[in-house]
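Comments concern the structure below.
The values are calculated or read from the model by the stated rules, or taken from the named source; none is laboratory data. Keep in mind that this is a model prediction, so the values were computed, not measured. Using ideal geometry, Cβ is built from the backbone for each residue, glycine included, and neighbour counts are taken over all protein chains shown. For accessibility, only protein heavy atoms count, side chains too; no ligands or nucleic acids. Shrake-Rupley method; radii C 1.70, N 1.55, O 1.52, S 1.80 Å.
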Amino acid sequence: MTKTTRIEDLDSREFIIVKNARQNNLKGISLAIPQGKLVVITGVSGSGKSSLAFDTLYAEGHRRYVESLSSYIRQFMGKIEKPAVDYIKGLSPAVAIQQKVNTVNPRSTVGTATEIYDYFKLLFARVGKTYSPVSGNLVNRDTVTTVVNFIENLEEGLKIQILCPIFKTEKRSWKDELGIILQKGFSRIEIGGKVVQIEDIITFTNTGKIDDDLKEIAKMYEVLLAKNAYLLIDRITSTKTDEDNRSRMADSIQTAFFEGRGDCIIEVFEEGKSPKKNLFSDKFELDGITFEEPSVNLFTFNNPYGACKVCEGFGNVIGIDESKVIPDTSLSVYEDAVACWKGEKMTEWKEWFIKKSVAYDFPIHRPYNQLSRAEKDLLWKGNKKELEGINDFFKYVESKSYKIQYRVMLARYKGRTNCMECNGTRLRQDANYVKINGACIADLVLMSAAELLQFFKDLKLDKHQEGIAKRLLIEINNRLEFLNDVGLGYLTLNRASRTLSGGESQRIQMVTSLGSNLTGALYILDEPSIGLHSRDTAKLIVVLKRLRDLGNSVLV
């Protein structure tokens, strides 16, 4: 802008034009701010920087947005006063990112605020694999397609029977059960490895006579009473099937799954070998455990379905506070690190623990802060034999709570503490059975953003999984890079939003704004480098320029 150009003559498509701003301590100031640029307002304290940026520009942008809403919605938002200014031209929708923690919601975390956790949920629901906690084996659900593929991969010319188990209710006899099966259109069952007509069994049960023709049937009926029987759905020959044969196989297998309540048996007859039964199940279970199918809700701690049943998704509970029980972690157990094991009577617990812990190689002279996780667990939980830990001590105190001195002691050591069930990750236990590259979602939210970025760079997926996860991984990596670029690489996604400082909260909002790819907006930031180490300031400027390059005006 040259000295001879009047502010009224400027194009509002290129400038945000402010005429005669008088808000707070502003003295009728007029100015033009270039659109689509990174602009810094600077000056001494009290010079009116915030009055111009927040109380004038943002306030007017916010007012205009509210005015654009319907009258029904506006009645719930209250009246918004127009700032003291003659006019503002060229004003885009305004987004204010201030130095304050915007949420007091105890469920809000860094992961949810940056939306990274939302992509985690989708990623685990779509490409995560469930592993049994008992055997560590992969849990699979068989489908009609997997069974058809199994048959097509067999050697050609083999005889195959498609079977399923027979389930008899307690109230019905075998005669009645077989009659119902016959009415469904099935004619044969396999008993003890031999196929027999259902009508022959029913005839035998009606007459009760055992002549030469029915001796074999009588023997089979005895086996049937022992429930060693299968319903024969179809007989086929393994071959490179055409579409018609494949359709027949699929229908038979589908019927077997339905009649067998999720179980289908493919019996293969090879020459010179005993018939081999191959069991397929469309039930999602293994090692006697029925697992939940991975879904978005399973990984959502804000939903009753996915939340930890003990802490209800908050990550902490009212319990025994570790910091109160062991106030000085530089002391050892022998040096009275456990505060509740002091005094004439309670010191007996310490002496007993020291005496019995020798057998388990517990280091009684090592400071508490140098103990391993396993050693801390032994101190707190003891074991099922003779060693009693701190948790056993407080169970004893609770059992004596009818006495006032024990109630006082219990209250002294209570406080908010990490949920022992979910380890503070807020999710139900079986959500951690779903893993990607050996890591569950709880492992990821406890990593720092810098560690997560490296984890996803090293992530190996097969071709099918890559196709599913491609778009999700782009969004996750972009947001993790933004977190590191604004100097927040040390934060874990499980960190509660309300525990962040003003500067951290402001930079979290910047990451969310960058991730949303909003264009044509006016971003107003309040000293975004506050609390940031000087070595990270250059990275922050790169992030601000990236926000500008998306097509936004950035006012700092």
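Annotations for the structure displayed:
- No Cys partner within the rule (Cβ under 4.7 Å), the chain: C164, C264, C340, C440
- Cβ-Cβ FRET estimate between Q405 and V310, R0 fixed at 45 Å, reported to 0.05: 0.95
- Accessible area, probe 1.4 Å, largest first, for residues E81, E322: E81, E322
- Candidate lysines for bridging to K89, where Cα separation is under 30 Å - those fewer than 8 sequence places away on the same chain excluded: K3, K19, K27, K37, K49, K79, K100, K545
- The chain - percent relative contact order, Cα under 8 Å, separation 6 or more: 22 percent
- Rounded to 5, the percent of DSSP beta bridges in the chain classed as antiparallel: 85 percent
- This model, with +1 at the C-beta of Lys and Arg and -1 at the C-beta of Asp and Glu, gives the range 459-531 a dipole about its Cα centre of some 300 debye.
- Linear extension gain, K356 paired with S372, 0.36 nm per residue minus alpha-carbon span: 3.9 nm
- The listed residues Y334, Y119, Y413, once ranked by accessible area (1.4 Å probe) with the largest placed first, stand as Y334, Y119, Y413.
- Here the extension length gained between D86 and K37 equals 15.2 nm, from 0.36 nm per residue of separation less the Cα-Cα distance.
- Accessible surface of the range 260-399 [probe 1.4 Å, protein heavy atoms]: carbon and sulfur percent: 50 percent
- Modelled spin labels at I7 and S47, positioned 7 Å past Cα toward Cβ, are 1.7 nm from each other.
- Amide N proximity, the range 104-133 versus M447 label position 7 Å along Cα-to-Cβ, cut-off under 19 Å: 110-131
- Close amide H pairs (under 5 Å, H built 1.01 Å from N) link V139 with T130, Y131, S132, residues at least 5 positions away or on another chain.
- Apolar share of the accessible surface for the range 416-556: 49 percent from carbon plus sulfur atoms, 1.4 Å probe.
- Projection of the Cα convex hull of the range 401-556, averaged over all directions and equal to a quarter of that hull's surface, yields 13.8 nm².
- Area of W174 that stays accessible when all protein chains are in place (1.4 Å probe, Å², to 10): 20 Å²
- Inter-label distance, nm, simple model (7 Å from Cα along the C-beta direction), F456/K414: 4.2 nm
- Accessible area of the chain divided out per residue, in Å², using a probe of 1.4 angstrom: 54 Å²
- Debye intensity ratio I(q)/I(0), log10, the chain, q values 0.09, 0.10, 0.11, 0.13 Å⁻¹ (C-alpha model): -0.94, -1.01, -1.08, -1.25
- Whole-Å distance, taken between Cα centres, linking the range 15-67 and the range 252-315: 61 Å
- Between E293 and N517, the FRET efficiency from the beta-carbon distance, with R0 = 35 Å, is close to 0.60.
- With the helix formula -39500 (n - 2.57) applied to DSSP H stretches of n ≥ 4, the chain reaches a computed 222 nm mean residue ellipticity of -10500 deg cm²/dmol.
- On a per residue basis, the convex hull of the C-alpha atoms belonging to the range 85-160 measures out at 241 Å³.
- Summarising the label geometry, the points placed 7 Å from Cα in the beta-carbon direction at E335 and N423 lie 2.9 nm from one another.
- Normalised by the number of residues in the range 367-442, the average gap of Cα pairs under 8 Å and 6 or more apart makes the relative contact order 12 percent.
- Counting only protein heavy atoms and using a 1.4 Å probe, the accessible area of H533 comes to about 90 Å².
- Accessible-area composition of the range 82-193, carbon plus sulfur, in percent [1.4 Å probe]: 47 percent
- 5 angstrom amide H check on E335, placed H, neighbours 5+ away: none
- The heavy atoms of I436 offer some 10 square angstrom of accessible surface to a 1.4 angstrom probe.
- When K384, K376, K277 are compared by accessible surface with a 1.4 Å probe, the order from highest to lowest is K384, K277, K376.
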